[in-house]
Amino acid sequence: MLLFALGFLLVIFQPSTGQFPRVCANTQSLLSKECCPPWDGDGSPCGELSRRGSCQNILLSQAPLGPQFPFSGVDDREDWPSVFYNRTCRCEGNFMGFSCGECKFGFSGLNCTERQVKTRRNIFQLTASEKNKFLAYLNLAKNTPSQDYVIATGTYIQMNNGSNPMFRDINVYDLFVWMHYYASRDTLLGGSSVWLDIDFAHEAPGFLPWHRVFLLMWERQIQRITGDENFTIPYWDWRDAQDCEVCNDEYMGGRHPTNPNLLSPASIFSSWQVICTQSEEYNSQQSLCNATSEGPIRRNPGNNDKSRTPRLPSSADVEFCLSLTQYESGPMDKMANYSFRNTLEGFADPQTAISNPAQSGLHNALHIYMNGSMSQVQGSANDPIFVLHHAFVDSIFERWLRRHRPMLEVYPAANAPIGHNRENYMVPFIPLYRNGEFFKPSRELGYDYEYLQEPALQSFQDFLTPYLQQARQIWPWLVGAAVFGGIVTAVLTGLTRACRKKKGGTSSEIQPLLIESEDYNNISYQSNF
């Protein structure tokens, strides 16, 4: 009944973040290479009349890229989004969105001036009502057409350089599945040739910021289509888990009684159809995924290749990863050693931080362990466990940011694999987001994690406690300094009065200095701690 009721909200709330804005998926916009839609509030492009933003040329990063992609001008995702648009809305202040009609993450209110921080919670800490609502929201997203966004079903060349637009509608959940596919798909080189070593969302520095944006956008979509502005993505803390604790019909779907590769018929997810899982077929046809249904979700947790992923990650794995001080290193790809990003992503050993792509640790281990739709990169977001898993991965990223407090300059500005430099725009998001913009604490983006929050008694006294303890330790020195200062003051005062009495007949204009300059530096008015 909850799902049925939520369906009526479709005509009221519209999703507003994704890939190609519907209003720009037309011949005129593609040929002019401009995507600056009017804001509904005042009817002007980008809300310019209300000073929300203006239509501007896109400023692309000129920083050099790494050697992993030896081509130029063959992939629509290069210098995103310039193949499709070179003018978009540049929003001012706390405004955001393809028409500057939204607030930045972490802000709300009519003029986007109200700060807000929402809490993501452990899925096992949700009440039965909260958990059922979350499942209903997922199913609603799977059955709700996106009102504001469409997906591309052909490359720009296949669109005849914009004169023959190739787009189609898609539901809200699958929009995000498609975006994950599009960012990680292979490069089509023509004929039967493809380039496999390319990924705008994985195997490089942008892995964590990209998925952070992905989750924030997904979270906002759920908030908008349901009208539940307080909704946050729950996370699954999989540290030290012995099996897939969420793989049951109460949560994300149990095992089918007769086919271990499918979900239980009692789960709402058993009826879901996957998209974008047949990369070899797309490559052979030199085509893009067009979101056609390709069968049910597949999952057989634990029956994976144990030589590659012998177990789920442990608390010790996570703690070692957090101890790494370098965010990125070396070639800045899956061969990077002693890299926090590469270790958390799972291409480096979680006990040594040495690259070993033959093994799968931490983030990658969960994907391989699920042994199904989750285990294939391009289509992994089809399984709703994806969002629970990546929310927890993001929380580990957050712990590292809080522990090491890196400057923005720690994120590589140049020589990273294509699309992963600090100032590169993330593929395939419109509105545009740079990688470096999300290399900062989550609270600045409007959310926190339940298990990372400070204790409830965060009073002013709690804030002062460490400083009071330091003061208590140096209190004897402070008293000594005060006594010493008092003695010096008394001596100087006495000397001053004595001199005045002795030379009482001398006018103040010709009185000599009390202390000559060469003696002045020998006087200390503070004790040394």
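The values are calculated or read from the model by the stated rules, or taken from the named source; none is laboratory data. Owing to the predicted nature of the structure, the values given are computational and were not obtained by experimental measurement. Here the Cβ positions follow ideal geometry from the backbone for every residue, glycine too, while neighbour counts run over all protein chains shown. Side chains are part of the model used for accessible areas, which takes the heavy atoms of the whole protein and leaves out ligands, DNA and RNA. Shrake-Rupley method; radii C 1.70, N 1.55, O 1.52, S 1.80 Å.
Values as computed for the structure displayed
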| item | result |
| --- | --- |
| Solvent-accessible area, 1.4 Å probe, carbon plus sulfur percent, for region 321-389 | 55 |
| Subset of Lys33/Lys118; Lys306/Lys334; Lys131/Lys334; Lys33/Lys104; Lys104/Lys133 violating a 31 Å alpha-carbon distance limit | Lys33/Lys118; Lys131/Lys334 |
| Calculated FRET efficiency for the pair Thr155/Thr119, C-beta based, R₀ 45 Å, to 0.05 | 0.60 |
| Region 94-100 - phi-based ³J(HN,Hα) in whole Hz, Karplus 6.51/-1.76/1.60, Gly and Pro as x | 9, 7, 7, x, 5, 10, 6 |
| For region 312-402, accessible area per residue (1.4 Å probe, heavy atoms of protein chains only), Å² | 26 |
| Built amide H within the under 5 Å cut-off of Glu328, gap 5+ | Phe340 |
| Semi-axis lengths, Å, region 207-254, gyration tensor of Cα atoms, sqrt of 5 times eigenvalues | 24, 17, 8 |
| Calculated from backbone phi, Karplus (6.51, -1.76, 1.60) coupling profile of region 38-50 in Hz, x at Gly/Pro | x, 7, 4, x, 9, x, 9, x, 6, x, 4, 5, 9 |
| Ordering of 64-73, 374-383, 277-286 by packing [mean C-beta count within 10 Å, highest first] | 374-383, 277-286, 64-73 |
| Separation between Cα centres of region 323-344 and region 144-220, rounded to whole Å | 26 |
| Prolate/oblate/rounded call for region 156-234, Cα gyration tensor, a/c under 1.5 rounded | oblate |
| Long-range amide H partners of Gly53 with built H, under 5 Å | Glu48, Glu92 |
